[in-house]
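**Q** This is the structure I have questions about; it appears just below.
The values are calculated or read from the model by the stated rules, or taken from the named source; none is laboratory data. If you're wondering where the values come from, they're calculated on a predicted model, not measured in any experiment. A quick note on method: Cβ atoms are made from the backbone with ideal geometry, for glycine too, and the neighbour counts reach across all protein chains shown. SASA here: full protein model, heavy atoms, side chains in, ligands and nucleic acids out. Shrake-Rupley method; radii C 1.70, N 1.55, O 1.52, S 1.80 Å.
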Amino acid sequence: MEKKITASIIGTGSYLPSKVLTNKDLESMVDTSDEWITTRTGIKERRIAEDDEYTSDLGAKAAVRALSSAGKKPSSVDLIIVATITPDMLFPSTACFIQDKIGAKNAACFDINAACSGYIYAVEIAKRLVEAGSHDTILVIASEKLSSITDWTDRNTCVLFGDGAGACVISGENSGKPRVLYTYTGADSSAAELLMMPGGGTRFPASIQTVENKLHFLKMAGKEVFKNAVLCMYKASEKIMKKYNISIDEIKCFLPHQANVRIIDAVARKIGIEREKVYLNVQKFGNMSAATVAVGLDEVFKEWDLKSGDKILVDAFGAGFTFGSLVIEW
Ligand code: ACO
């Protein structure tokens, strides 16, 4: 009888640009204060990529680290999936640029766009392909250069975002490494216009007018997005725990998307998990969209004192609105 495969995460890696932009730095750019940003969001600083450092560069560095931690050669990768809302170009895919940079010459490549939930969507796809037996080694990368679509004159948004990348290697081999037990993804697109970048697509192709009207920057109705974030992230956690009969006491680490510490606190309260089990990196990196939970998972794997059988609940929400969750067993 054929043995059932459960996808494992056999390696993780992340990369953060070295340039740090602090709340104090922002005080000289827009009418804001460290006190406002800290109390409203929990963010103290974020990383910003250089002008000539692209999403594919950040992603390639995270990918190389993930492959090294998995003990795999780039040539063993048979698929690269990149989750991003800030691709190097509309096409070709950022996954193709990364393939060339890391020398993964045997891989197929594509990008997905599910905004901040992108990493969870990508892990779900990778899990299914590995478990179906069609692929052996999949590199999932979430990489964002949000600084390139941030309006640095808009205090409502420019204080929130940062750049970075995280990656993992997903394999069907029975390695004793953390297993992706369950996944859940969903979307509610009834209020998609609350969070978007309108310019550059087929509705508003690039023109002098789109540039003058600042349509190539991220636009967000903060208060409404906040409410939806809490509801969607709560739903994503509840759905996966109910469907797979997991109680909150079984969760040793809750890794939520890091947009705002107040959103995280509200979701943690609603699902009933203790504060010390909640992973936080928003204070040092801000919101890195899809890269947020990817970087978080790398940090949790390396820094948390997890024991065999411990469960990690990953939960994200993003533009669309998209949402999703993962249960990973250490
Ligand atoms: N510094 C100082 N004052 C500010 C700043 C700032 N940086 N930004 C806004 N304000 C002002 C506003 O102008 C407003 O002033 P007013 O009352 O005179 O009009 C006041 O502060 C309060 O603004 P609110 O919007 O009510 O502030 P709120 O408490 O809602 O916090 C925030 C704003 C931080 C944006 C919050 O709403 C939030 O975090 N929203 C969700 C963000 C999020 O989850 N985004 C996900 C994006 S993910 C993706 O897919 C890319």
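**Q** If you check CYS253, CYS232, which single one turns out to be open to solvent by less than 40 Å² (accessible area, probe 1.4 Å), closer than 23 Å to LEU280 by Cα, within 16 Å of the ligand (Cβ to nearest atom) and not β-branched (Val, Ile, Thr)?
**A** CYS232
**Q** Among the listed residues PHE204, PHE217, identify the single one that is more than 10 Å from the ligand (Cβ to nearest atom) and under 20 Å from the mean Cα position of the chain (by Cα).
**A** The match here is PHE217.
**Q** For the list (1) open to solvent by 30 Å² or more (accessible area, probe 1.4 Å); (2) closer than 28 Å to GLU45 by Cα; (3) more than 17 Å from the chain's Cα centre (by Cα), I need the number of the one condition that ASN245 fails.
**A** (2)
**Q** Please verify whether GLU276 is in a helix (DSSP H, G or I), more than 10 Å from the ligand (Cβ to nearest atom) and not aromatic (Phe, Trp, Tyr), treating the condition exactly as stated.
**A** Taking the combined requirement at face value, the residue satisfies it.
**Q** All but one of (1) surrounded by 21 or more Cβ atoms within 10 Å (Cβ to Cβ); (2) assigned to a helix (DSSP H, G or I); (3) more than 16 Å from the ligand (Cβ to nearest atom) hold for ILE263; state the number of the condition that does not hold.
**A** For ILE263, the failing item is (3).
**Q** Something else about it: Could you tell me whether any residue of the range 279-289 is under 12 Å from the mean Cα position of the chain (by Cα), assigned to a strand (DSSP E or B) and away from the ligand (no atom under 15 Å from the Cβ)?
**A** no
**Q** Given the criteria among the acidic types (Asp, Glu) and over 23 Å from THR86 (Cα atoms), does GLU193 qualify?
**A** Taking the combined requirement at face value, the residue does not satisfy it.
**Q** Quick check on this structure: which one of ASP25, ASP52 is without any contact (Cβ under 8 Å) to a residue 60 or more places away in the chain, assigned to a helix (DSSP H, G or I) and either among the acidic types (Asp, Glu) or surrounded by 15 or more Cβ atoms within 10 Å (Cβ to Cβ) (or both)?
**A** ASP25
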